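Input: a single structure, listed below in structure tokens.
The values are calculated or read from the model by the stated rules, or taken from the named source; none is laboratory data. A quick note: this is a predicted structure, and the numbers were derived from the prediction, not measured. Heads up, the Cβs are rebuilt from the backbone with ideal geometry, glycines too, and the neighbour counts pull from every protein chain shown. Heavy atoms of the whole protein, side chains included, go into the accessibility calculation; ligands, DNA and RNA do not. Shrake-Rupley method; radii C 1.70, N 1.55, O 1.52, S 1.80 Å.
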Amino acid sequence: MGLFFGSTVIAVIVLRFLPVYFTPLMFIRLFQNDEVKLSHTWVPLEEMSAKMPLAVMASEDAKFLEHHGFDFGAIQSAAKRNREHPEKNKLGASTISQQTAKNVFLWPGRSWLRKGLETYFTVLIELFWTKDRIIEVYLNSIEMGTGIYGVEAVAHEHFDCKASELTAENCALIAATLPNPRKFSSKHPSKYMLKRQSQILKNMRYLEKNINY
């Protein structure tokens, strides 16, 4: 047990400074997809459009800069909604920190073991990483399409530009796909996606006025 705790703490500290070039999900998807594709290029946060962190916060985790890894209000709301409407798809309440912990250190799934480890790694990255580092790793490792990981790759694949050149509209559209980036496309957005994009842009303007990032 001591070896586990020691090795995981060391891994988290090391990845506080080194780029994350590969994640478990990237390899899992290679075996799942008919088309073998892995498009991923690490870029520092300062080489991304400043609108990209704002877009994912507006879409995924508006309290990212305030909480310490977990949004307990969102967890309670999701639990209440899932309890009252069990016939609908389950509503999640994972923060950007939780998603980063899962993407970098774990595998997709809904088991109690995986969820427990996700909680553990979320606490570690909130303890040893800055918020800037968490959002940087998140935006470099998140799945943004089939075989596409990170903002630089999706900028190149879907918008024919660099991550630094993405517009607010591009960023909002990318963020709109994140609940299911293999189903929703920022390259060929549906009417539903364009509606989500519009709402995220409104949320971005609100956040921009009310937070300092």
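Determine whether the range 186-207 contains at least one residue that is touching a residue at least 12 places away in the same chain (Cβ under 8 Å), of a type in the set (Lys, Arg) and either within 22 Å of Pro44 (Cα to Cα) or open to solvent by 50 Å² or more (accessible area, probe 1.4 Å) (or both).
Checked against the condition, which is being touching a residue at least 12 places away in the same chain (Cβ under 8 Å), of a type in the set (Lys, Arg) and either within 22 Å of Pro44 (Cα to Cα) or open to solvent by 50 Å² or more (accessible area, probe 1.4 Å) (or both), the range 186-207 yields at least one hit.
Checking the structure you have, find out if any residue of the range 2-19 is within 15 Å of the chain's Cα centre (by Cα), assigned to a helix (DSSP H, G or I) and of a type outside the set (Val, Ile, Thr). Quick ask: steps written out before the conclusion?
Filtering the range 2-19 for residues within 15 Å of the chain's Cα centre (by Cα) gives none.
There is no residue in the range 2-19 that is within 15 Å of the chain's Cα centre (by Cα), assigned to a helix (DSSP H, G or I) and of a type outside the set (Val, Ile, Thr).
When only residues in the range 83-115 that are outside any loop (DSSP other than H, G, I, E, B), open to solvent by 40 Å² or more (accessible area, probe 1.4 Å) and over 15 Å from Tyr138 (Cβ atoms) count, which is modelled with the lowest pLDDT?
Glu84
Can you confirm whether Glu157 is of a type in the set (D, E, K, R), touching a residue at least 40 places away in the same chain (Cβ under 8 Å) and either surrounded by fewer than 21 Cβ atoms within 10 Å (Cβ to Cβ) or part of a helix (DSSP H, G or I) (or both)? Lay out the reasoning, then the answer.
Values: of a type in the set (D, E, K, R): yes; touching a residue at least 40 places away in the same chain (Cβ under 8 Å): yes; either surrounded by fewer than 21 Cβ atoms within 10 Å (Cβ to Cβ) or part of a helix (DSSP H, G or I) (or both): yes.
Here the answer is yes, as Glu157 does meet what is asked.
Go through (1) touching a Leu at 6+ places or on another chain (Cβ under 9 Å); (2) within 17 Å of Ile96 (Cβ to Cβ); (3) not in a helix (DSSP H, G or I) and name the single condition Met57 misses.
All conditions pass for Met57, except number (3).
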